[in-house]
Amino acid sequence: MTTHLATEIASQPGCWRRASELAGTAPLPQRGERVAVTGCGTSWFAAQSYASLRERAGHGETDAFAASEFPLGRRYDRVVALTRSGTTTEVLDLLCELRGTRTTVITADPSAPVVPAAAEVIVLDFADERSVVQTRFATTQLALLRTHLGEDLTEAIADAERAVADEVPAELIEAEQFAFLGRGWTYGLAQEAALKMREAARAWTEAYPAMEYRHGPISVAGPGRVTWMLGVPPPGLPAEVARTGAVFVTRDTDPMAELIRVQRLAEARALALGLDPDRPPHLTRSVILSP
């Protein structure tokens, strides 16, 4: 069975290349601007990663908020909204509240209602998806944003090509529980990794900042369970997890490529359980609330 999810996961290296080529002309925040980034679900996690990367690169103060929790009394030079469908109620409502603030939207649909609601729009229609579970659009947004911050993604794309080709280990497909860890910008990726496993495979997953994992969550680690680090693990943590009997997964690869491995695991686990990873129960492509 070939799923839309599998096809979209495999297309990510090419999508990242195209996004990197667009970064030089995209109307994105300039150095020194005070910026807020917003979205819902996966886009909120991508917003968190970008905010951390932008501050780390010295481009200026950058905050990330779920669209429903945006602090309207706080002033920003620009608000960047991330939304695959361009129809999410909370994002549209927020843009209406932000009249007078410069707004930039990144979306996959040039005809979506979010387009006229924003001052500037970046359309990544080549990264749109048929699966309800979002994969390539989220990482393609980040490829665009990372390149705009001055990163060269050549090695990241090479890592992604390996990630879409490698075999998914059986011990991971059969694991009972997963904890995903990140540091700095990769904490947003860890949250997204956990979300993919919940959405596609209905798995028991959690996500934590890596240094916080010792402060309680490590108590659930044990045989048949997995602790997965996106990025470089803190010193000593791999050995501490190994002593619990859990599997500790870490690689010296780009963290976005590591997220691809999690996406592939989620799809493989769903199929092994007889689930449809393209259409998880109770989920839709966009959350559109009644008036």
Qualifying positions in the stretch 194-231 - open to solvent by 60 Å² or more (accessible area, probe 1.4 Å) and among the polar types (S, T, N, Q):
S219
Note on the stretch 245-285: residues within 17 Å of E171 (Cα to Cα), open to solvent by 40 Å² or more (accessible area, probe 1.4 Å) and β-branched (V, I, T) are V247, T250
I need a count of the residues in the stretch 214-227 that are closer than 17 Å to Q191 by Cβ and in contact with a helix residue (DSSP H, G or I) (Cβ under 7 Å, 6 or more places away or on another chain).
2
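Quick grid of which residues meet (1) open to solvent by 20 Å² or more (accessible area, probe 1.4 Å); (2) under 13 Å from P13 (Cβ atoms):
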{"position": "A108", "(1), (2)": "no, no"}
{"position": "F137", "(1), (2)": "no, no"}
{"position": "H148", "(1), (2)": "yes, no"}
{"position": "E151", "(1), (2)": "yes, no"}
{"position": "T154", "(1), (2)": "yes, yes"}
{"position": "V168", "(1), (2)": "yes, no"}
Could you figure out which of (1) buried (at least 22 other Cβ atoms within 10 Å of the Cβ); (2) under 27 Å from A201 (Cβ atoms); (3) hydrophobic (A, V, I, L, M, F, W, C) isn't true of V132?
(1)
Test of understanding: among F126, F180, F137, which residue is of a type in the set (F, W, Y), over 14 Å from the mean Cα position of the chain (by Cα) and modelled with pLDDT of 95 or more?
F126
Search the stretch 2-24 for residues that are assigned to a loop (DSSP other than H, G, I, E, B) and pair each with any residue that is buried (at least 21 other Cβ atoms within 10 Å of the Cβ) when their beta-carbon atoms are under 6 Å apart and the residues are at least 6 apart or on different chains.
T3/P277; S11/R136; A23/L144; A23/T147; A23/H148
Checked pairs for the stretch 193-207, first within 16 Å of P281 (Cβ to Cβ), second hydroxyl-bearing (S, T, Y) and crowded, with 22+ Cβ neighbours inside 10 Å, C-beta under 8 Å and 6 or more apart or across chains, list as L195/T42; L195/T205; K196/T135; M197/T205; R198/T205
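The values are calculated or read from the model by the stated rules, or taken from the named source; none is laboratory data. Treat the numbers as computed from the prediction; the structure is a model and nothing was measured. FYI the Cβ positions are ideal-geometry reconstructions off the backbone, even for glycines, and counts take in every protein chain you see. We work out accessible area using only protein heavy atoms, side chains counted, and drop any ligands, DNA or RNA first. Shrake-Rupley method; radii C 1.70, N 1.55, O 1.52, S 1.80 Å.
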